[in-house]
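I have placed the structure first, in the form of structure tokens, so that the comments after it can refer back to it.
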Amino acid sequence: MKNKVLLIGGFHKATALANSLINRGYSVTIINENYADCMSLAENNQLKVIHGDGSKPYVLDDAEAYENEIAIALTQHDEDNLVICQLCKKKFGIKKTVSLVNDPKKTDFFHKMGIDSVVCAINTITGIIEQQAFMDEMATVLPIGQGNISIAEVPILQSAPSVGKKIWEIDLPKEVIIGCILRGESSMVPRGDTRLLSGDILVLISSKENHISAIRELTGR
Amino acid sequence: MKMNNIKDDYQIVIIGCGRLGASIANTLSNKNRNVTIVDINKDSFGKLSPSFSGLLMEGDATDIKVLKKAEINKADVLIAVTDNDNINILIAQMMKSIFNIKEVIARLYDPEKECVYKESHIQTVFPALLSAGEVGRILDKEEDDEK
């Protein structure tokens, strides 16, 4: 009897996670709201795919949510992830719930609401950047001492002066690195000719002194 | 005098300025209650009557920073009536668990979602159940009339 895992939302994240779980011997069901994404997912014969809104109880019922040991909510909306996990636990008796949280300030609240594991989208990627950037590049570029490094999440709004510009066109201080760009459900390591779009979230690594001027250059604030 | 003091100090916050939120806000304002209404889209405030005298606040009420900045945490009553069940559930639970608001009311379209916060003492309004109940009452009355 395979352990069963239910994934809800987050097409790209769910695809990668499902493949990893299947390789490790789990039985995986995915619920996704987008029909075309469901057709794409269904090409994997080892996946059970349900089309619908995973925060609706009757959709979870169709997916036989109660059969799973773990439910993982991966949508881009914290309110959906919260309701999905709470329904899975309270209505369908799933033992362990995991939620992606897009707003780090809600992490404690999600734990308080009974979500077993909370994965912060920003912290996850920042952790990777900390691991790689600190070791390789930060020590070289910023010989100031690790206590002065600042990592910030910088959303690029439609009104920001940097929208539509390539990174090399922006007058950033020298000791600033854009470590990662979160765009929709994907993330990328930018190059100098990467163009910034409205809605991007930049993971900015900088010294404390240059932190404010870098953000001003990017957002106009 | 006491009555006036109670009314003056009693803060009511409404989240979501759709038809229901605006209607509640207008009614409470006409009764001289202290009302603040929050919506993510400032155009929504156009639904309020010209005589509305409460506070308007544009912002995302699911953002804890926005809530703190506006001192929504000092409200006595919070009414979550956005058009999204999950947002209402999130806000209602945040206000109860983080800010300890005494009275929290949420509107839910889907009655099956109430179980997620059943033990939180959040009051819930279900338009679907209210409407079904009313239709049932009308049908019963018609049957009685036929007898």
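The values are calculated or read from the model by the stated rules, or taken from the named source; none is laboratory data. Note that the coordinates shown come from a computational prediction; the quantities given were computed from them, not determined experimentally. For neighbour counting, all protein chains shown are included, and Cβ atoms are generated from backbone atoms with ideal geometry for every residue, glycine included. For accessibility, only protein heavy atoms count, side chains too; no ligands or nucleic acids. Shrake-Rupley method; radii C 1.70, N 1.55, O 1.52, S 1.80 Å.
Put A:Met39, B:Met57 in order of accessible area, largest first, 1.4 Å probe: what do you get?
My answer, sorted largest first, is A:Met39, B:Met57.
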| field | segment A:37-44 - phi-based ³J(HN,Hα) in whole Hz, Karplus 6.51/-1.76/1.60, Gly and Pro as x | value | 5, 5, 4, 5, 4, 5, 5, 8
| Where only protein heavy atoms count, and the probe is 1.4 Å, what is the accessible area per residue for segment B:7-146 in Å²? | 54 Å²
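Which pairs in the list A:Lys89/B:Lys118; B:Lys68/B:Lys96; A:Lys106/B:Lys42; B:Lys65/B:Lys96; A:Lys96/B:Lys65 are over 21 Å apart, alpha-carbon to alpha-carbon? List each step's numbers first, then the result.
On the way: A:Lys89/B:Lys118 13 Å; B:Lys68/B:Lys96 14 Å; A:Lys106/B:Lys42 25 Å; B:Lys65/B:Lys96 16 Å; A:Lys96/B:Lys65 29 Å.
Table pairs above 21 Å Cα-Cα are A:Lys106/B:Lys42; A:Lys96/B:Lys65.
Using only C-alpha positions, report the orientation-averaged shadow area of the convex hull of the protein assembly as shown, nm², one decimal.
Values: hull surface 106.6 nm².
Mean orientational projected area (the protein assembly as shown, Cα hull): 26.6 nm².
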| request: Can you find, among B:Ser131, B:Met57, B:Val104, the residue farthest towards the positive end of the dipole of segment B:7-147? Put +1 on the C-beta of Lys and Arg, -1 on that of Asp and Glu. | output: B:Met57
| Shielding of B:113-121 by partners, i.e. mean partner chain Cβ atoms within 10 Å per residue? | 4
| task | Set the Förster radius R0 to 51 Å, insert the Cβ-Cβ distance between A:Ser20 and A:Ile212 as r into 1/(1 + (r/R0)^6), and round the FRET efficiency to 0.05. | result | 0.80
| message | For segment A:156-216 and segment B:86-120, what is the centre-to-centre distance using only Cα atoms, to the nearest Å? | response | 37 Å
| Label A:Asn102 and B:Lys118 with points 7 Å out from Cα along Cα→Cβ: what is the distance between them in nm? | 3.0 nm
| task | Within segment B:71-97, find all residues whose amide N lies under 14 Å from a label point positioned 7 Å from the Cα of B:Asn41 along Cα-to-beta-carbon. | result | B:82-84
| field | Whole-angstrom gap from segment A:72-124 to segment B:128-142, using each part's C-alpha centre | value | 37 Å
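With only Lys, Arg, Asp and Glu charged, each at its Cβ (+1 for the first two, -1 for the last two), find how big the charge dipole of segment B:1-107 is about the Cα centre; round to the nearest 20 debye.
Details: 14 positive and 12 negative charges, 61 e Å.
Value, rounded to 20: 300 debye.
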| Given a 1.4 Å probe and no ligands, DNA or RNA in the count, how much accessible surface is buried by A and B, both sides, to the nearest 100 Å²? | 1700 Å²
| query | How big is the equivalent ellipsoid of segment B:7-146 along its three axes, where each semi-axis is √(5λ) from the Cα gyration tensor, reported in whole Å from largest to smallest? | reply | 28, 19, 14
| Largest-first ordering by accessible area, 1.4 Å probe, given options A:Asp193, A:Asp108, A:Asp78 | A:Asp108, A:Asp193, A:Asp78
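Round to a whole number: what % of the accessible area of the protein assembly as shown belongs to carbon and sulfur, probe 1.4 Å?
On the way: 9830 of 19620 Å².
In the protein assembly as shown, the share of accessible area belonging to carbon and sulfur is 50 percent.
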| Leading residue at positive end of dipole, the protein assembly as shown (Cβ point charges), from B:Ser23, A:Asn68, B:Ile91 | B:Ile91
| task | Taking all protein chains together and a probe of 1.4 Å, list B:Ser120, A:Ser162, A:Ser40 from the most accessible to the least accessible. | result | A:Ser40, B:Ser120, A:Ser162
| message | If R₀ is 35 angstrom, what is the calculated FRET efficiency for the pair A:Asn45 and A:Arg191, using the beta carbon separation as r and rounding to 0.05? | response | 0.40
| request: For B:Lys65 and B:Ala128, calculate 0.36 nm times their separation in residues minus their Cα-Cα distance, and state this gained length in nm to one decimal. | output: 19.4 nm
| task | Report which residues of segment A:70-113 become buried by 50 Å² or more of accessible surface when going from the isolated chain to the complete set of protein chains (1.4 Å probe; DNA, RNA and ligands ignored). | result | A:Glu79, A:Val83, A:Lys90, A:Lys105, A:Lys106, A:Phe109
| note | In segment B:47-85, accessible area falls by at least 40 Å² from chain alone to full assembly (1.4 Å probe) for B:Ile64
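Across peptide B:89-98, how many C-beta atoms of other chains are within 10 Å of each residue C-beta, on average? All intermediate terms of the calculation are to be shown ahead of the outcome.
Values: counts 8, 11, 1, 0, 7, 6, 0, 0, 4, 4.
Rounded to a whole number, the mean comes out at 4.
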| task | Could you check which residue among B:Val35, B:Val81, B:Val135 shows the biggest mean-square fluctuation in a GNM of chain B with a 10 Å Cα cutoff? | result | B:Val135
